[in-house]
Amino acid sequence: MKDSSPLKTIGRVAASIGKQYGIYLVLLTLVLFFSIASENFFVSSNLLNVARQVSMMGIAAVGFAFVLLLGGIDLSIGSLVSLVNIVTAWLMVNAGWNPVLAVLVALALSAAVGFSNGWIIANLQMPPIIVTLAMMIIIEGVAYLICKGLPIFGFPKSFAVIGQGYVGPVPIPVIIMAVIMGLGMFILRSTYFGRYFYAVGGNEEAAELSGIDVKRVKYLVYSLSGFFAGIAGIVILSRTNSGQVLSGKGLEFDVLTACVLGGVSVSGGVGKISNVLAGILVLGVLSNGLVLLDVSQFVQMVIKGSVLLTAVALDCLQHRKKT
Amino acid sequence: MPLLQLKNITKRYPGVVALNHVNLDVEKGEVHALVGENGAGKSTLIKVCTGAVVPAEGQIVIGGQEFAALTPRLSVQMGIAVIYQEFNLVDGLSVAENIFLGRAIRKGIVIDRKAMANQAAEIFRQLEIDIDPNELVANLTVGYQQLVEIAKAVSQNAQILIMDEPSAPLTQAEAESLYAMVEKLKASGVTIIYISHRMKEVFRLSDRITVMRDGQIIETMNAADTNLDDLVKLMVGRELTETYPIRKDCVSDEVLLEVENLSGNGVHDINLQIRKGEVLGLAGLIGAGRTELAELLFGVKPRTGGRVVLNGKELHPRLPKEAIDCGIALVPEDRKRQGVLLDVDIKGNISMAILERISRFFTVNKKEEKRIAEHYKESIRIKTPTLEQKVKNLSGGNQQKVIIAKWLASEPTLVIFDEPTRGIDVGAKSEIYALVNRLVESGKAVLMISSEMEELIGMSDRVLVLRDGRIVGELERKEFNQETIMGLAAQG
């Protein structure tokens, strides 16, 4: 039976356009809407502000997208941002370490936490959502233990450059985000690791039978997720100039929303970094615009949650055939 | 008037006629055995009876009532029950709860456990089964779980009990009590359709035997009027219609793979040799351990003992990666699940096993990748306008060629093919046969697992027959034919 109803045909065409360019249309619509609704939105200082606001999310999203490609999830990145934040601050202030050394140690720590996630998931065959949820709680507790719930401040002046500096008109966090996203794209497109991420996420059994060491791929991906979250943690620390336990709170959900908005499938194997950037900008524009329009923080929460739900629903509809 | 009649039932799947004008009469109170090779159409026939499959043509007549098709619900109402190899029991519930699953006895809104246990105990008493109705199903052995399934069917007043390879998962002693149960059920008037590969039990239990082949009923006869040899002939008796590309004799004296006493993963004490330039066929029924043996050689599953020597080097792969590095390739049984990456393009699929080799500083040499993919696309004729095509858009035959291309690119010395032509069209089949010939002619060796007897006979230099995880026979080219192979595979 052929379905020739014009409505359905239009629907199908719209769906195929939406699948490829939907996120850009959404971004464009939002930008147009806020430009009209608020005169303060489409000015260069505000746009650069949006870019800087989303840069932490963008940095963490690269590793998170890798994890999603693999068919996993990493809920621990928000807490990890907080932990790195606190550890770096503590090392610089309480232990008097050189900032460079403190940053390097904190980054190594974040990669190690990610590696632990990967090791547990690969070897104990536990669901990633549970492993990383437990890890999230553990490291949040550790962060509290280190700082005893109090903010840590009084860093060397030079440290502020990372989060607050500019190159020309461009904030340094934005540059860091650009570099890391570029690196993410390079890994996915050009290295064999990137191919392995898609392979393992798309069909783990076939990947293993093709000679891919699936466990090692999992170690790598979760380590990278931790590492990039660590970088985001350093940038946030430098920008706020004070180490705070709540600095990364909820970041994992924003990043998840951005990735899924950007077309990374929660069932693994499908996704691109360039579209993730668009997803991040949608979230950034949305929260910036809503603030400019004086929408309350609680309404914003409702909107963000709804966006996540809608994005995942669309993803599931698209990939339903697969399962 | 027969209790169950299938009249002229036809069921087609894309590219294959699973049931071709099937007529079957099952008399009340008989044990009717259904035999045939893998893929003869027995499973589809069962599915028609349970309402899982809607036939394209024909009628089903049960106790005088005529249906064009059944639904699962209707099938149960008409008194049909099936005991599958895989049980439909809930591990975490008690035996009694399983028997009354979905129709629990209740007092108001509360489940009446006591009444259920009593009724279950009563059924067990009738069937002379010794099981505590309050025991958890998870604590029962496979044999007892099967008895619970049977009791469940009896409690639903099943008139026609279909048993699909019921003895396959059982030990010898458990099988004996199964046979006793079948006889008891028969004595109480239940009609049984018994599907089995084991000819001994077929002769022991059945009143009549129906042979299926290629989706057709070949013959129904009284068990007393036939014997094992005749039955095997009927099961395999198809003409060798397909022609196989001729290959010059290229078997060398040099042994490539030597396997000694290999055990694990359900196979035991496997000893075999493959010479360079040889196609060694591996025959056996489903569950005989052929794929399991391939998994051991390829490092998918761990072995418990034995030695494998490839090209003079002892080899102990713990991962497929290590087997591949030693020069082994495996074209797996389930193309979509184990072979291809559906969302990845052809090029990416072909290069999957050699990516690290064509990379420098982790970066894939895309020119080299393209060149290799192009080369194999041409040489094994993958039909596609572009190498950037996603594999999910290809036909089954072309997908299989992509998998073979992946392995040829890894330049193996031994290629294991597991059901290499399952579900692909005739044209692609003969191309794959030609490829196998090219492999052995260039001095490589092939281990070919196949359930298609013709293919094994047409392609192999030698055939090993497996049964219950052991090698039960080795046949040289001049000795093997459909009867000798099937005879070895189905005995016991």
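Across the range B:32-55, the qualifying residues are those that are among the hydrophobic types (A, V, I, L, M, F, W, C) and closer than 16 Å to residue B:217 by Cβ, and the one among them that is nearest to the chain's Cα centre (by Cα) is B:40. For the range B:342-352, the criterion of a residue being in a loop (DSSP other than H, G, I, E, B) and either more than 10 Å from chain A (Cβ to nearest Cβ) or of a type in the set (Lys, Arg) (or both) is satisfied by no position. In this structure, is residue A:58 modelled with pLDDT of 85 or more and touching a Pro at 6+ places or on another chain (Cβ under 6 Å)? For residue A:58, the condition - modelled with pLDDT of 85 or more and touching a Pro at 6+ places or on another chain (Cβ under 6 Å) - is not met. Would you pick out the residues in the range A:145-167 that are without any contact (Cβ under 8 Å) to a residue 12 or more places away in the chain, under 17 Å from residue A:59 (Cβ atoms) and not aliphatic (A, V, I, L, M)? The answer is A:165, and nothing else. Of the numbered criteria (1) in contact with a Pro (Cβ under 8 Å, 6 or more places away or on another chain); (2) in a helix (DSSP H, G or I); (3) among the small types (Gly, Ala, Ser); (4) over 30 Å from residue A:93 (Cα atoms), the one residue A:182 fails is (1).
For the range B:391-401, the condition holds for no residue, the condition being that it is in contact (Cβ under 8 Å) with a residue 40 or more places away in the chain, closer than 19 Å to residue B:442 by Cα and in a loop (DSSP other than H, G, I, E, B). Inclusion of residue B:122 among residues that are in a helix (DSSP H, G or I) and buried (at least 19 other Cβ atoms within 10 Å of the Cβ) is not warranted. Test residue B:235 against the criterion of being of a type in the set (A, V, I, L, M, F, W, C), modelled with pLDDT under 90 and in contact with a strand residue (DSSP E or B) (Cβ under 7 Å, 6 or more places away or on another chain), and give yes or no. So residue B:235 passes the test.
Among the conditions (1) among the basic types (Lys, Arg); (2) under 21 Å from residue B:6 (Cα atoms); (3) within 24 Å of the chain's Cα centre (by Cα), the only one that residue B:208 does not satisfy is (3). Checking the structure you have, find out if any residue of the range A:167-176 is closer than 30 Å to residue B:356 by Cα and within 14 Å of chain B (Cβ to nearest Cβ). Taking every residue of the range A:167-176 in turn, none turns out to be closer than 30 Å to residue B:356 by Cα and within 14 Å of chain B (Cβ to nearest Cβ).
Assessment of the range A:223-245 against the conditions (hydroxyl-bearing (Ser, Thr, Tyr) and within 14 Å of chain B (Cβ to nearest Cβ)) yields no matching residue.
Just checking, which of B:348, B:339 is over 20 Å from residue B:417 (Cβ atoms), buried (at least 19 other Cβ atoms within 10 Å of the Cβ) and not hydrophobic (A, V, I, L, M, F, W, C)? Only one candidate passes the filter, namely B:348. In the range B:276-328, which residues are surrounded by fewer than 20 Cβ atoms within 10 Å (Cβ to Cβ) and part of a strand (DSSP E or B)? Hits for the range B:276-328 are B:305, B:306, B:307, B:309, B:313, B:314. When we screen B:367, B:383 for residues that are more than 12 Å from chain A (Cβ to nearest Cβ), part of a loop (DSSP other than H, G, I, E, B) and either free of Cβ contacts under 8 Å to residues at least 40 places away in the same chain or among the β-branched types (Val, Ile, Thr) (or both), the only hit is B:383.
Looking across the range B:353-363, just one residue is in contact (Cβ under 8 Å) with a residue 40 or more places away in the chain and within 7 Å of chain A (Cβ to nearest Cβ), and that is B:353.
Within the set A:302, A:260, the sole residue that is crowded, with 18+ Cβ neighbours inside 10 Å, at negative phi and assigned to a helix (DSSP H, G or I) turns out to be A:260. Where residues in the range B:87-104 are modelled with pLDDT of 85 or more, among the hydrophobic types (A, V, I, L, M, F, W, C) and assigned to a loop (DSSP other than H, G, I, E, B), which of them is surrounded by the most Cβ atoms within 10 Å (Cβ to Cβ)? Going through the qualifying residues, I end up with B:100. Of all residues in the range A:196-242, exactly one satisfies the criterion of being surrounded by 24 or more Cβ atoms within 10 Å (Cβ to Cβ) and of a type in the set (D, E, K, R), namely A:218. For the range B:289-338, the set of residues classified as of a type in the set (Asp, Glu), away from chain A (no Cβ under 14 Å) and within 18 Å of the chain's Cα centre (by Cα) consists of B:292 only. Within the range B:202-222, the residues that satisfy the criterion of being surrounded by fewer than 20 Cβ atoms within 10 Å (Cβ to Cβ) and modelled with pLDDT of 85 or more are B:203, B:204, B:207, B:208, B:213, B:216, B:218, B:219, B:220, B:221, B:222.
The values are calculated or read from the model by the stated rules, or taken from the named source; none is laboratory data. Please read all numbers here as calculations on a predicted model, not as lab measurements. For neighbour counting, all protein chains shown are included, and Cβ atoms are generated from backbone atoms with ideal geometry for every residue, glycine included.
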